[in-house]
1. Would you tally the residues in the stretch A:401-428 being touching a helix residue (DSSP H, G or I) at 6+ places or on another chain (Cβ under 8 Å) and within 16 Å of DNA strand B (Cβ to nearest atom)?
2. Just checking, does the stretch A:90-111 include any residue being within 16 Å of DNA strand B (Cβ to nearest atom), modelled with pLDDT under 90 and assigned to a helix (DSSP H, G or I)?
3. Identify the residue in the stretch A:592-609 that is within 21 Å of A:Asp255 (Cα to Cα) and either among the acidic types (Asp, Glu) or within 17 Å of the chain's Cα centre (by Cα) (or both) and, among all such residues, is surrounded by the most Cβ atoms within 10 Å (Cβ to Cβ).
4. Looking only at residues that are of a type outside the set (Gly, Ala, Ser) and more than 30 Å from A:Ile344 (Cα to Cα) in the stretch A:580-601, which one is farthest from DNA strand B (Cβ to nearest atom)?
5. State all residues of the stretch A:122-176 that are in a helix (DSSP H, G or I), among the charged types (D, E, K, R) and either modelled with pLDDT under 85 or away from DNA strand B (no atom under 14 Å from the Cβ) (or both); if no residue qualifies, say none.
6. Suppose the filter is surrounded by fewer than 21 Cβ atoms within 10 Å (Cβ to Cβ), farther than 30 Å from A:Ser627 by Cβ and hydrophobic (A, V, I, L, M, F, W, C); does A:Phe231 pass it?
7. List pairs: first residue in the stretch A:616-644 and within 13 Å of DNA strand B (Cβ to nearest atom), second residue modelled with pLDDT of 95 or more and part of a strand (DSSP E or B) anywhere in the structure, Cβ distance under 7 angstrom, at least six positions apart or on different chains.
8. Within the stretch A:336-378, track down each residue that is acidic (Asp, Glu) and buried (at least 22 other Cβ atoms within 10 Å of the Cβ).
Amino acid sequence: MSDILSGLNEIQKKAVSQIDGPVMVIAGPGSGKTRVLTFRIAYMIQQGISPHNILALTFTNKAAREMKDRIEKVLQGNVAGLWSGTFHSLFARILRIEAEHIGYPTSFTIYDTDDSKSLLRTIVKELNLKKDDYPANQLLSRISSLKSNLITPRTYEQDEKLMNSDKIANRRAFHKIYSRYVARCKQAGAMDFDDLLYRLYELFQKKPDILTKYRERFKYILVDEFQDTNFLQYAIIRKLSKYPGSPKNICIVGDDAQSIYAFRGATIDNILDFEKDFKSAQVFKLEQNYRSTPHIVAAANEVIAKNRRQIEKKIWTSQGEGEKIRILKTVSDNEEGKRIADQIMEYKNRYHVPNQEIAILYRTNAQSRVFEDYLRRYNIPYRIYGGLSFYQRKEIKDLLAYLRLLINPSDEEAFKRVVNYPKRGIGNTTMDKVMEHRTREGTDLYTAAQTAPLSPRARTQLNKFLKVIRAGINKNETAGAYEAAEYVANASGIIKTFKDENTTESLNRLENIEALLNGIKDFMDEDEVSELGIEVEERTLAAYIQHIALLTDQDNDSEAEEKITLMSIHGAKGLEFDAIFVVGLEENLFPSFMSMENEKDIDEERRLFYVAITRARKYLTLSFSNSRYRYGKVVYNRPSRFLEEINAENYDNPNTVFGKTSFAGGGAETTTPSARTRFKPIKKKKTIVAPADFTPASSDEIKEGMEVIHQKFGKGKVLKIDGRNDSRVATIYFNEIDTPQRRIMLKFAKLQIV
DNA sequence: CGCAGGCACCACGTG
DNA sequence: GGTGCCTGCG
């Protein structure tokens with residue numbers, strides 16, 4: 001530990017030891033980025049810099065935790081006082097401390113996307129607008145991007161261009177919705193995700209002395225995954241580090257080639273601007289890849305070379321020969337699931353790759369299902385990341401809504417969510433009255449609920465609800481968070497409802513409620529670090545709620561060991577595995593149909609593909625399917641253009657990609673790559689029949705020796721039919737597909753006779 | 001006011 | 001294939 005620098009390569013050493021002044025580290029995949037970051041902080045502390053003066057911003061809580069653990073190990077001591085975490089969680093921490101300066105209560109709550117959308121829907125309704133003209137999703141993403149670009153409702157109004165574009169686009173009311181949304185969030189004492197950034201910026205802008213306080217504290221700032229920061233995040237970083245007399249000790253680490261969050265406002269302009277903003281910045285490029293074998297590295301370089309506009313670099317490896325990239329071509333998404341499960345078995349048996357070193361990566365979470373099915377069938381343990389997490393379950397969100405009310409009764413979304421849950425006879429009519437009263441009085445919903453004139457019956461019921469909340473608030477203050485939560489879970493009737501229902505479903509929900517209560521207990525009892533390892537300053541219900549709101553997908557992986565990983569490519573950023581399967585490589589899926597319009601979006605998809613393949617250490621498999629289910633319908637897609645962007649010599653079975661496969665002779669894929677075949681675009685449309693002109697024959701018309709067409713498998717010849725009546729099975733040879741011989745249940749088959 | 005059943009729309013990715 | 005919203009009835 002006396003020499004932290006030993007064991008690093010030359011460039012890494014420089015990136016670690018240059019601690020004064022602005023530094024930009026461009027780090028290719030697998031180039032030891034995390035190592036550099038952790039060693040850099042450890043080195044700083046060893047040089048006598050107080051951890052208290054260091055701010056390290058990462059993308060996930062997990063990354064922050066890992067970093068901290070590793071620093072502690074290197075220094076064999078603690079790093080108390082170091083602030084490391086996500087932008088959102090650290091900024092929320094500052095806002096919690098300074099809330100009163102911007103007119104927020106210390107106990108402000110955080111609206112998640114569902115809350116925001118629900119509020120927007122309410123506002124649209126209040127303004128008597130049609131929800132089809134103002135879909136909540138679009139409104140929210142527009143508002144989010146405005147906030148991220150520091151455009152407030154006021155500056156919006158003064159911007160003729162913006163106002164005009166709304167007129168043209170027939171959404172004149174947008175400005176009204178935006179300002180009302182902002183006002184209502186504030187009135188409810190709530191911040192949405194963007195507010196956690198925007199309000200901090202506002203705080204720094206309005207209160208110079210507070211800004212100074214944090215400037216003096218955070219003398220050294222590090223930002224990980226800088227390519228994924230948006231304009232606002234960078235603006236805050238600049239506020240903290242760029243001012244007259246600033247030491248400008250700022251280090252950003254990133255890789256423009258791995259920028260995959262443009263859709264939420266991230267811009268690689270930030271990387272390009274950094275050098276302009278900090279003219280004296282020293283730039284280090286980490287290009288040696290320690291992770292992957294040569295074919296994978298070569299493929300990555302070939303793919304990313306197709307993008308225009310990027311910082312020049314080329315990753316390289318000194319590793320010897322490794323496996324070539326495999327391709328799987330299948331006829332359906334179902335078969336894709338099966339073939340991949342088969343290959344996983346092969347990896348396990350032949351190469352002894354442990355489960356936790358295997359990952360299946362897809363573009364959209366909806367693709368996970370088939371893989372789940374087959375992994376379960378093969379008894380291979382797996383874990384799915386993303387999709388509905390524990391905290392997104394209905395029963396959990398309901399109880400959390402109650403808890404949110406305990407710390408902030410003004411929280412309008414929480415109030416509406418549970419005022420009539422469990423059912424207590426407070427329906428739309430009553431709530432409309434309360435809402436009207438709220439508008440008339442200009443108060444928050446909670447206050448209005450206490451004074452609104454109502455029918456005696458509604459009043460009694462509403463009072464019962466308010467009483468539970470009041471008692472809960474009281475309990476929280478006197479007895480503590482766990483006791484309050486337990487009280488509310490019972491007094492609200494949630495627990496009773498599930499018990500009474502007494503179905504497997506409801507008992508399962510009850511278990512989840514209990515798990516949540518236990519989670520609160522753990523959180524409160526833990527004295528330093530929560531089970532998730534995220535350092536929190538205080539142990540209160542408010543801190544717990546905030547902590548939950550800011551969890552990231554990668555954070556809940558306590559039992560990841562011994563299991564195969566299934567996740568979206570976005571979720572896989574920063575991770576690595578021995579064996580990677582990138583699935584669903586089809587046009588309209590990956591690249592996504594949303595990106596087909598313009599080159600810029602395709603570039604982002606390509607970077608996503610780049611991220612996907614560079615997760616692999618040794619084995620990489622790419623798969624695509626001719627057809628798959630989407631919205632319950634079969635769709636046919638061509639193979640992804642990205643497949644052709646990898647040079648044939650890096651493929652184990654290149655003919656599968658380059659369209660020359662004859663599929664004759666049993667569809668064997670044993671062809672060796674012929675020299676440096678340059679890729680040809682796949683022009684030939686697949687001979688799969690479109691559903692429109694497809695008229696299946698009835699099953700008893702099918703006879704041996706017939707030529708038939710199958711909706712998915714294409715043309716084939718009936719070799720044999722066995723069984724009788726409903727259990728008749730035809731053995732058919734489909735010469736257009738990979739594994740041509742199939743057995744088809746005639747009862748279900750859709751076959752057209754040629 | 002509650003509930004059942006029909007429906008539209010959805011879903012690309014996230015703190 | 002799922003969810004959340006609307007409608008119409010009891």
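The values are calculated or read from the model by the stated rules, or taken from the named source; none is laboratory data. The structure presented is a predicted model; accordingly, all values stated were derived computationally and were not measured. Cβ placement follows ideal geometry from the backbone for every residue including glycine, while neighbour counts extend to all protein chains displayed.
1. So the count comes out to 12.
2. No: zero hits.
3. Restricting attention to the stretch A:592-609, the residues satisfying the condition of being within 21 Å of A:Asp255 (Cα to Cα) are A:599-609.
Next cut, either among the acidic types (Asp, Glu) or within 17 Å of the chain's Cα centre (by Cα) (or both) only: A:599, A:601, A:603-605, A:607-609.
Details: A:Glu599: 11, A:Asp601: 16, A:Asp603: 21, A:Glu604: 21, A:Glu605: 21, A:Arg607: 23, A:Leu608: 26, A:Phe609: 29.
It comes out as A:Phe609.
4. It comes out as A:Glu599.
5. Our first condition is that a residue be in a helix (DSSP H, G or I); within the stretch A:122-176, this holds for A:122-126, A:136-148, A:153-158, A:160-168, A:174-176.
Applying the additional criterion that residues be among the charged types (D, E, K, R) yields A:125-126, A:142, A:147, A:154, A:157, A:160-161, A:166-167, A:176.
Matches in the stretch A:122-176: A:Lys125, A:Glu126, A:Arg154, A:Glu157, A:Glu160, A:Lys161, A:Asp166, A:Lys167, A:Lys176.
6. Details: surrounded by fewer than 21 Cβ atoms within 10 Å (Cβ to Cβ): yes; farther than 30 Å from A:Ser627 by Cβ: yes; hydrophobic (A, V, I, L, M, F, W, C): yes.
Spelling it out, A:Phe231 is indeed surrounded by fewer than 21 Cβ atoms within 10 Å (Cβ to Cβ), farther than 30 Å from A:Ser627 by Cβ and hydrophobic (A, V, I, L, M, F, W, C).
7. none
8. Applying the first criterion (acidic (Asp, Glu)) to the stretch A:336-378 yields A:336, A:342, A:346, A:357, A:372-373.
Hit for the stretch A:336-378 is A:Glu336, nothing else.
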